[in-house]
Amino acid sequence: MAETKRVYKFGNKTAEGKADMKNLLGGKGANLAEMNRIGVPVPPGFTITTEVCTEYNQLGVDKVIKLITSEVEDGIANIEKIMGSKFGDAANPCLVSVRSGARASMPGMMDTILNLGLNEEVVKGLVRKTGNERFVWDSYRRFVQMYGDVVMGLKPASKEDIDPFEEIIDHIKEEKKVVNDTDLDVDDLKELVTRFKKAVKSKTGKDFPTDPWDQLWGAIIAVFDSWNNDRAKFYRKLNNIPEEWGTAVNVQAMVFGNMGNTSGTGVAFTRDAGTGEDIFNGEYLINAQGEDVVAGIRTPQQITKEGSKRWAILANVKEEERKTKYPSLEESMPLIYKELNEIQQKLEDHYKDMQDLEFTMQEGKLWLLQTRNGKRTGAAMVKISMDLLQEGKIDEKTALLRNEPNKLDELLHPVFDKSAIKKAKVLAKGLPASPGAATGQIVFFADEAEEWAQKGNKVILVRIETSPEDLRGMNVAQGILTARGGMTSHAAVVARGMGKCCVSGAGSIRIDYKKKTMDVDGRTLKEGDWISLNGSTGEVYLDRIATVDPDLSGDFGKLMELADKHTRMYVRTNADTPKDAHVARGFGAKGIGLCRTEHMFFEGDRIKAMREMILAEDEPGRRKALKKLLPIQRADFEGIFEAMHDLPVTVRLLDPPLHEFVPHEDENQQEMAKEMGITKEQIKRKVDDLHEFNPMLGHRGCRLGNTYPEISETQARAIIEAAMNLKKKGIRAIPEIMIPLTGTLKEYQLQEEIIRQTAEKVFEERKDRIDYLVGTMIEVPRAALTADKIAEKAEFFSFGTNDLTQMTFGYSRDDSGKFLPVYIDKGILKHDPFQILDQEGVGQLVEMGTKRGRSVRPKLKVGICGEHGGEPSSVEFCHRVGMDYVSCSPYRVPIARLAAAQAAIKESK
Ligand code: PEP
Ligand code: MG
């Protein structure tokens, strides 16, 4: 058998890998290979596969190095051949970069090392070869800094401390009285290298390695290790990226953006990642290396002239100053710009999606270092897919699959109220890094953002610049504000990926981490003060600002129409009020899949009548109270049926344990006693009587209706009467009455009899009839197992996967918060089964219930109304088992519509 290939070479417009080998080569490696194949200039290199990362985790350093040594040596030889230089050779040295690259892009989460292969000897040789001493020493100090951090582990000691290397740089700048890194001369850079190495030795006890091969192996292993750093782990969890994938390692010949004023580096997007607009855009820096652009240390310049002008307005820079100090690439290097513009078009046409590119210019020659499908906001995602469809570049199915259902959520979020924003005070202006409207209290540290958010506070994370360590804080914040950094800074890219509002590079803000304050415009704001951000304009406002619902026409409307064209399953909503029903209908709900009647009993005087019913000693007492409830319920149903006219509405009979409604506090018990003309002690006794050890498995659902049939009778009457009242007004209601928590056929039958007898009575009284259905929730495992029996009677099934999950796992819905997070952390469970349907276990019951039900009633209508009905992977599962519809909360309706269409498309492929 042939040896497993572990290293894939590329360079000189040929490659051993290609774009569809992402699983093996990681996204970056696969695309580097592909760019070679389509003739884009890429520095030569090789990719060590993701499988080697897994082998490394199993076998350890020594064994894995042995496994790949000869292939890595061959890869280096190939680079040397193409570049005409030699790795580690002082006279004619070849330097390399070492970068991570997982299957799914994880921007900034893992490590990178540039300029590898330098030591004192090589430095001398490179100076002789290039005649550019400053460039060589600048490269060397960057290498020692990166390697010292990533491989040797010299990092800030605590969150308030600055990076130890940056601290040394700041000292030298102070000693030399200069402001910018670029103002440091060769001697300063030499001094920096000496001090860096000393710091490494004193903090780690180890000498900085001089042998380029030692450096290379150290870097490769460090990149593998970075797969398991905290931020990468957290990012994977957030984005559902499997732990076992591992990262590939890309080793590539260095090209230098810091070789002088005809060199530079930049990042670009083929379309706007924030809005989706079809405009080429990006940022670059002259005489700089890659990390400078994304790290937000220097103010980057724009690539296109148009972008540069837009930027100048936002940054308050006059046209003259813009042209001289911050010209666009289009103006400063027109030839390179032209080539880059052609390449960006070529790449977008090739990948048929918006690309995020990294490039370097070395002495007037352009090199591409990376291309990938760019991260984007929800709005940009929808617009780009609809535009590409219209441009004829992708078909309808591809356009639908390009949209991530959960990201639609961002589009449904509120925007600032126009009149409130007019009155608001603008504090500062930064770059519109990621759109949205955010209002919250200032916090300065990621962990504090988490603590505040956990207590229910809305926070805005304010940082000088963000690093990947801030990810957790960004995740819980309403928005992110940074004092430094451009549109492609880490904060901006990550925030757009998360759909989180972000304003970056608000230069007028001065942040003091120690005092936890920010100074702006002569004002000092402290931790806990309220500010608002507009991520679409870059404005930062004082105080809170009111928000309103967004407009959902345009591209969003087109996408939804397209979804309906390709879907088989339709989407209903879970709604208990006419208002929710309206919202959901606006989002395209085709009916109500679950109206929980109990929610109606909490408001105002209703709770009193409800309590009276529960506390009554006997049936006549209960009937007396139910009489008061009947008109209230009927009016509620009329409102809901009217909002959902011509569409089916599934109304579920009372479900929760009765003790949820009774007064537990002294004061309320007293009031209730007065109301009912009995003593407080009698009330108290009754409340105690209702106590249950395990209420979720106790006296609830149809068990209530079977012990107190008058409750079901009253509810059935309210439903039928409401529908008939509307019929009189010419409004068509389509009620479907649903029995909760059925476990046996007999339980169901007794309830059905009550409903049908009541309906017949009403029909007789009114001398008219309407159509209605009677069906059941399937949420007790026994109901799924005996679904063929239950379907003899039930006209529809609705899977209550909240209870079904609770009862299948035996995890209490109310108590699982105590252990589920630990279970997920330890990998015992991959997801919270109350959020993402457990297809392997609970799913079997759903599938079996559907099949068995339809075995006796082939046209049985089947849906789901547990929380899973709005979760994309669960929706796909529901499609696969042949459900007719899913039902979810109003704001998830568009998400479910898209997920249902995608399920149908995936099945047809
Ligand atoms: C369910 O159990 O899935 C369900 C929808 O009912 P509830 O959440 O009201 O118990
Ligand atoms: Mg339930």
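Quick notes on this structure:
- Packing rank of 349-356, 240-247, where each peptide gets the mean count of other beta carbons within 10 Å, highest leading: 349-356, 240-247
- For the chain: rounded, prolate or oblate by the Cα gyration tensor [a/c cutoff 1.5]: prolate
- Accessible surface calculations at 1.4 Å, restricted to protein heavy atoms, place segment 572-717 at 45 Å² per residue.
- Cα long-axis angle, helix 666-676 against the chain (0 to 90 degrees, to the nearest 10): 30
- Pairs from the table (323/429; 9/206; 81/129) lying more than 23 angstrom apart at Cα are 9/206.
- In the chain, helices alone account for a calculated mean residue ellipticity at 222 nm of -14000 deg cm²/dmol, with every DSSP H run of four or more residues adding -39,500 (n - 2.57).
- Most to least packed among 672-683, 811-822, 265-276 [average Cβ atoms within 10 Å]: 265-276, 672-683, 811-822
- Label-to-label distance, residue 447 versus residue 162, with points set 7 angstrom from Cα along the beta-carbon direction: 2.2 nm.
- Mean separation of Cα contacts under 8 Å, 6 or more apart, over the residue count of segment 331-430: relative contact order %: 19
- Taking 0.36 nm per residue of separation and subtracting the current Cα-Cα distance, fully stretching the chain between residue 201 and residue 277 would add 22.3 nm.
- Overall form of segment 120-235 per C-alpha gyration tensor (a/c, 1.5; a/b vs b/c): oblate
- Gain on full stretching of the segment that runs from residue 818 to residue 214 - 0.36 nm per residue minus C-alpha separation: 212.7 nm
- Beta bridges per DSSP with both ends in the chain, % antiparallel, nearest 5: 65
- For segment 376-445 versus segment 318-350, the gap between their alpha-carbon centres in whole angstrom: 26
- Taking the average, over residues, of other Cβ atoms within 10 Å as the packing measure, peptides 689-698, 134-143 rank 134-143, 689-698 from highest down.
- Ordered by solvent-accessible area of protein heavy atoms (1.4 Å probe), largest first, the residues 409, 803 come out as 409, 803.
- The string of couplings for segment 121-126 from the Karplus curve (6.51, -1.76, 1.60, θ = phi - 60°) is 5, 4, 4, 4, x, 5 Hz, one whole number per residue in order, with x for Gly and Pro.
- Solvent-accessible area of segment 151-290 (1.4 angstrom probe, protein heavy atoms only): carbon and sulfur portion equals 49 percent.
- Percent accessible area from carbon and sulfur atoms, segment 766-884, protein chains only, probe 1.4 Å: 48
- Centroid-to-centroid separation of segment 108-179 and segment 678-739 [C-alpha atoms, Å]: 72
- Placing pseudo-labels 7 Å out from each Cα toward the beta carbon at residue 130 and residue 564 gives an inter-label distance of 6.1 nm.
- Per atom type, segment 384-526 shows carbon and sulfur on 47% of its accessible surface, probed at 1.4 Å.
- The relative contact order of the chain, computed from alpha carbon pairs under 8 Å that lie at least 6 residues apart in sequence, is 9 percent.
- Principal axis dimensions, largest first and in whole angstrom, of segment 271-390 by Cα: 40, 32, 25
- In order along segment 708-724, the Karplus-derived 3J(HN,Hα) couplings, from 6.51 cos²θ - 1.76 cosθ + 1.60 at θ = phi - 60°, round to 10, x, 5, 5, 4, 4, 5, 5, 4, 4, 4, 5, 5, 5, 4, 4, 6 Hz, and Gly and Pro are given as x.
- Accessible surface computed residue by residue for segment 337-392, with neighbouring protein chains in place and a 1.4 Å probe, gives 35 Å² per residue.
- Estimated distance in nm for a label pair at residue 828 and residue 553, the labels positioned 7 Å out from Cα along Cα-to-Cβ: 5.3
- The residues of segment 144-270 expose, per residue, 44 Å² of accessible area to a 1.4 Å probe.
- Segment 1-108: C-alpha gyration tensor shape, a/c 1.5 cut-off, then a/b vs b/c: oblate
- 3J(HN,Hα) from dihedral phi, segment 875-890, Karplus parametrisation 6.51/-1.76/1.60, rounded to Hz, x for glycine, proline: 4, 4, 4, 4, 4, 5, 7, x, 5, 7, 8, 10, 10, 8, 5, x
The values are calculated or read from the model by the stated rules, or taken from the named source; none is laboratory data. Remember, it's a predicted structure, so these values are computed and weren't measured experimentally. So basically every Cβ, Gly included, is an ideal-geometry build from the backbone, and we count neighbours across all protein chains shown. With ligands, DNA and RNA removed, areas are computed over all heavy atoms of the protein, side chains included. Shrake-Rupley method; radii C 1.70, N 1.55, O 1.52, S 1.80 Å.
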